[in-house]
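J.: Have a look at this one.
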Amino acid sequence: MSPIVTEPPAEKRKKGGFSPLGWLSEKPETRSVQVAVIGTIIVHLILLSVAPYLFKSEPIAHVPRKGSKSFTVHMAPPKPKPKVPPAKPAFKYVETNPNAPTNKPDKTDNVSNRDQQSAQEKPSKINNTDMPAIEGKKDFKNDQIVDGSLAKPAEATPPSPLTETAATPPSQKVPVAQQNPLAGVEKRMSDKATGYGSNIAKPSDNAKPIPKKIDGSPDVPIIDGPQVTTPQVDPHHPRARPQLTTRARPAILADNPFGTRNSGVTGRDARWSNYGDYMNKLEETVQIAWDDILNVEKSRPPPGTSVQITFILTSTGDIKTFLAVVPSAGMTDLGTRACTSALRNPAPFGKWTDDMIAVLGTEQQLTFTFYYQ
């Protein structure tokens, strides 16, 4: 029989006394975990109590370095904006005096169908403007400086027939020169085939290739070519004095007390341009068409009335559209239609030149005002 060895039983712990770790587990594995948890809690409590002092922010005092140099920052000035050239003033079409001499002005924005400088018969001392002083209608605006007519000049009235005694007295009759027709020619032929023949003509005084003889004095010289006779003037019926008509549109002249210091034929500052020449022809065409319409119509609107028409003119010379037709008070429908027809009937007015299109574009807004007087 084999013997059995057994371990003696462990002695029980004695109760009584103080043990700080008495509440821990008797198992080493469990006790180590409990100690780790307790240590972690204690460390976090300490950190929470000390954290406000550790992370407190305080202003940092600026202590300059020894030997440091101060500096100043200068901002670069902004680049200057490019200078935009001032817009050129739009040129203005004006009507000039066709009887004034051509003279290119020194400086002006006005354009017309000729070069002209402002002038008037008596120089003005009040002001120096681009227009002459004009006596006309007050409180009225118009740029025209002369009044004229576009009608063809009337033919001169023939002188009244005079009696023979009054026209040409017997003592002043013009002597007539004697003239004879050319003499005939006499032919003499030989009887023989080898003989000679001749033509014999008898000369005559004052021979001319005329069919009949003209009796007169042989001593008066014969004047060849056309003869212009000066008509005799009857002192009792003198002929009318010829008058020069200004080739210009009829105008209602506006009163302009301020004139120019230039002395000469009435004129105004303007430069020639294709646009000015075009506008001058356009206005004359419309004026003639308007006059023709009014000559056919028997009734006219009351004097002092007017019609203002604004329209679009294209570069082909056509009227694109009428933007506004504004008759004044008292204007009749017939008078308004006459004005619109004066613009519509003669259109198109001709194509624009290349330089006109470069400046004006392909369209231009124009305003015409028709005045009935």
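J.: How far, in nm, would the chain grow between Leu334 and Arg300 when pulled straight, counting 0.36 nm per residue and subtracting the alpha carbon separation? Before the final figure, lay out each step's value.
T.: Numbers: separation 34, 0.36 × 34 = 12.24 nm, distance 0.79 nm.
Full-extension gain reported as 11.5 nm.
J.: Calculate the dipole size of the stretch 273-373 relative to its Cα centre from +1 charges on Lys and Arg beta carbons and -1 charges on Asp and Glu beta carbons; express the result in debye to the nearest 20.
T.: 340
J.: Continuing with this model, one more query. Please identify the GluC sites (Glu not before Pro) of the stretch 272-345 that satisfy two criteria: DSSP loop assignment and at most 14 other Cβ atoms within 10 Å. Which are they?
T.: On the way: sites: Glu283, Glu284, Glu297; in loops: Glu297.
When the GluC sites (Glu not before Pro) of the stretch 272-345 are filtered for loop state and at most 14 Cβ neighbours within 10 Å, Glu297 remain.
J.: What is the order of Ser25, Ser315, fewest Cβ neighbours within 10 Å to most?
T.: Working: Ser25 12, Ser315 16.
By the 10 Å Cβ count, ascending: Ser25, Ser315.
J.: Is there a pair in Lys83/Lys107; Lys92/Lys138; Lys107/Lys137; Lys92/Lys141 whose C-alpha atoms are over 26 Å apart, and which pairs would that be? Walk me through the numbers before you get to the answer.
T.: On the way: Lys83/Lys107 24 Å; Lys92/Lys138 23 Å; Lys107/Lys137 29 Å; Lys92/Lys141 15 Å.
From the list (Lys83/Lys107; Lys92/Lys138; Lys107/Lys137; Lys92/Lys141), the Cα-Cα distance tops 26 Å for Lys107/Lys137.
J.: Taking the Cα centroid of the stretch 92-136 and of the stretch 275-341, what is the distance between the two, rounded to the nearest whole Å?
T.: Measuring centre to centre over Cα atoms gives 27 Å.
J.: Right, here's the next one. Considering Cα pairs under 8 angstrom that are at least six residues apart, work out the relative contact order of the stretch 273-373 and quote it in whole percent. Display every interim value, and only then the final one.
T.: Details: 145 pairs, mean separation 39.7, N = 101.
Computed value for the stretch 273-373: 39 percent relative contact order.
J.: What does the extension gain come out to for Val325 and Glu135, with contour length at 0.36 nm per residue minus their alpha carbon separation? Intermediate values should be presented prior to the final figure.
T.: On the way: separation 190, 0.36 × 190 = 68.40 nm, distance 3.03 nm.
Residue separation times 0.36 nm, minus the Cα-Cα distance, leaves 65.4 nm.
J.: Under 13 Å from the Cβ of Val265, count the other residues' Cβ atoms, weight Lys and Arg +1, Asp and Glu -1, and hand me the total.
T.: Details: positive: Arg114, Lys122, Arg268; negative: Glu121.
Around Val265, the surrounding residues sum to +2.
J.: Would you be so kind as to identify which of Trp352, Phe311, Ser299 lies farthest towards the positive end of the dipole of the stretch 273-373, taking Lys and Arg as +1 and Asp and Glu as -1 on Cβ and the Cα centre as origin?
T.: Ser299
J.: Sticking with this structure for a sec: Where does the charge balance sit around Ser118 when Lys and Arg score +1, Asp and Glu -1, over other residues with C-beta under 10 Å from its C-beta? Could you put the intermediate results ahead of the total?
T.: Values: positive: Arg261, Arg268; negative: Asp130, Asp269.
Net local charge, Ser118 excluded: 0.
J.: Once you list every other residue whose beta carbon is under 14 Å from the beta carbon of Ala289, what net charge do they have if Lys and Arg are +1 and Asp and Glu are -1? Intermediate values should be presented prior to the final figure.
T.: On the way: positive: Arg249, Lys281, Arg337, Arg344; negative: Glu283, Glu284, Asp291, Asp292, Glu297.
The answer is -1.
J.: Quick one: if the Förster radius is 25 Å, what FRET efficiency do Lys122 and Leu150 give, using the C-beta to C-beta distance and rounding to 0.05? Numbers along the way, then the final one.
T.: Details: r = 29 Å, r/R0 = 1.15.
The formula returns an efficiency of 0.30 here.
J.: Would you compute the Debye intensity of the stretch 273-373 from its alpha-carbon atoms alone, equal scatterers and no solvent, and pass along log10 I(q)/I(0) at q = 0.11, 0.14, 0.23 Å⁻¹ to two decimals?
T.: Here the Debye-derived log intensity ratios amount to -0.35, -0.54, -1.21.
J.: Fewest first, what order do Asp291, Asp106 take by the number of other Cβ atoms within 10 Å?
T.: Listed from fewest to most nearby Cβ atoms, that is Asp106, Asp291.
J.: Can you sort Glu95, Glu135 from fewest to most other Cβ atoms within 10 Å of each residue's own Cβ? Intermediate results must be reported in sequence, preceding the final value.
T.: Values: Glu95 23, Glu135 10.
Result, fewest neighbours first: Glu135, Glu95.
J.: While we're looking at this one, here's another question. Describe numerically, in nm with one decimal, the distance between label points set 7 Å from Cα along Cα→Cβ at Thr316 and at Lys83.
T.: Each label point is offset 7 Å from its Cα along the Cβ direction, giving 4.5 nm.
A short reminder: the numbers here are calculations on the coordinates, not readings from a lab. This is a predicted model, so every value here is computed, not measured. When we count neighbours, we look across all protein chains shown, and the Cβ atoms used for this are built from the backbone with ideal geometry, even at glycine.
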